[in-house]
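First comes the structure, then the notes that go with it.
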Amino acid sequence: MEIIKFRDLDIEEVVSLFYETVHSVNSKDYSLAQLDVWAPKDEKDTKIETWKDSLKQHITYVAKINDKVVGFSDLTHRGHLDRLFVHKDYQGKGIASALVNMLESEAKKLKILEIDTEASITAKPFFERRGYKTVCLQTVERKGVKLTNYQMVKKIVL
């Protein structure tokens, strides 16, 4: 596995991975209606354009195996870990940890003192194992459908 900086040419694989992961990995914790508003198929083309810009502006890494994107994650310059997704066939292989290690290392270099994230029910145990603390449970609404996630935070020791 190699961890590299995000490049524009990775965007279609990244967005496809997001949709596939949400609709498979997160299906144990969220209903079909929730998955459909979280990752609506009809927004895929729009997401390719909007995410390309935000992923370029953020600190973004992709994990590749045999030149295939198997995971990605991004961090804003203010310390918000925005997205972390690993391909459904590569769960539990250390990819998410490798990606977050890179982001936390970058945070230290930039003297970011704290990383926050909004973790799904599915991702919460992963973040807890990495030392993130739950600030609160929250419910977000999209297209009239409510989704539960957790505001979490980790202090970064410089």
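The values are calculated or read from the model by the stated rules, or taken from the named source; none is laboratory data. Not measured: the values here are computed from a predicted model. Neighbour counts run over all protein chains shown; Cβ positions are idealised from the backbone, glycine included. Only protein heavy atoms, including side chains, enter the accessible area calculation; ligands, DNA and RNA are left aside. Shrake-Rupley method; radii C 1.70, N 1.55, O 1.52, S 1.80 Å.
Could you check region 108-141 and list, in sequence order, the residues that are open to solvent by less than 80 Å² (accessible area, probe 1.4 Å), within 18 Å of the chain's Cα centre (by Cα) and farther than 20 Å from ALA98 by Cβ?
GLU114, ASP116, ILE121, THR134, GLN138, VAL140
On the given criteria, is LYS64 closer than 21 Å to PHE126 by Cα and among the basic types (Lys, Arg)?
Numbers: closer than 21 Å to PHE126 by Cα: yes; among the basic types (Lys, Arg): yes.
Against the criterion (closer than 21 Å to PHE126 by Cα and among the basic types (Lys, Arg)), LYS64 qualifies.
Among (1) open to solvent by less than 10 Å² (accessible area, probe 1.4 Å); (2) within 12 Å of the chain's Cα centre (by Cα), which single condition is VAL69 missing?
(2)
Any residue at all in region 73-85 that's over 23 Å from VAL135 (Cα atoms) and within 15 Å of the chain's Cα centre (by Cα)?
no
Let me confirm something: among LYS133, LYS154, LYS146, which residue is touching a Gly at 6+ places or on another chain (Cβ under 8 Å) and more than 14 Å from LEU84 (Cα to Cα)? Outline the logic, then answer.
On the way: LYS133 fails: touching a Gly at 6+ places or on another chain (Cβ under 8 Å); LYS146 fails: touching a Gly at 6+ places or on another chain (Cβ under 8 Å).
Matching residue, one of LYS133, LYS154, LYS146: LYS154.
Out of TYR90, TYR30, I need the residue that is aromatic (Phe, Trp, Tyr) and open to solvent by 40 Å² or more (accessible area, probe 1.4 Å). Which one?
TYR90
Name the one entry in THR50, THR46 that is more than 22 Å from ALA119 (Cα to Cα) and open to solvent by 40 Å² or more (accessible area, probe 1.4 Å).
So the residue among THR50, THR46 that is more than 22 Å from ALA119 (Cα to Cα) and open to solvent by 40 Å² or more (accessible area, probe 1.4 Å) is THR46.
Which residue pairs have Cβ atoms under 6 Å apart, sit 6 or more places apart or on different chains, and have a first residue in region 28-56 that is over 27 Å from ASP8 (Cβ atoms) and a second that is not in a helix (DSSP H, G or I)?
Going by the 6 Å Cβ cut-off, the qualifying pairs are ASP29/ILE121; ASP29/THR122; ALA33/VAL145; GLN34/VAL145; GLN34/LEU147; VAL37/ARG142; VAL37/LYS143; VAL37/VAL145.
Please note which helices (runs of 4 or more DSSP H) are completely contained in region 1-60 and include at least 3 residues that are in contact with a strand residue (DSSP E or B) (Cβ under 6 Å, 6 or more places away or on another chain). Show your work before the answer.
Values: elements: 11-25, 32-38, 44-57.
Output list reads 11-25, 32-38.
Consider ASP82 carefully, then state whether it is open to solvent by less than 40 Å² (accessible area, probe 1.4 Å), under 22 Å from PHE126 (Cβ atoms) and touching a residue at least 12 places away in the same chain (Cβ under 8 Å).
For ASP82, the condition - open to solvent by less than 40 Å² (accessible area, probe 1.4 Å), under 22 Å from PHE126 (Cβ atoms) and touching a residue at least 12 places away in the same chain (Cβ under 8 Å) - is not met.
Looking only at region 83-117, count how many residues are more than 22 Å from MET1 (Cα to Cα) and not aliphatic (A, V, I, L, M).
Looking only at that region, the number is 6.
Inspect region 54-75 for any residue being under 24 Å from LYS143 (Cα atoms) and not basic (Lys, Arg) and give the result as yes or no.
Yes: one or more hits.
Does VAL70 meet the test of being of a type in the set (Val, Ile, Thr) and not in a helix (DSSP H, G or I)?
Criteria met by VAL70.
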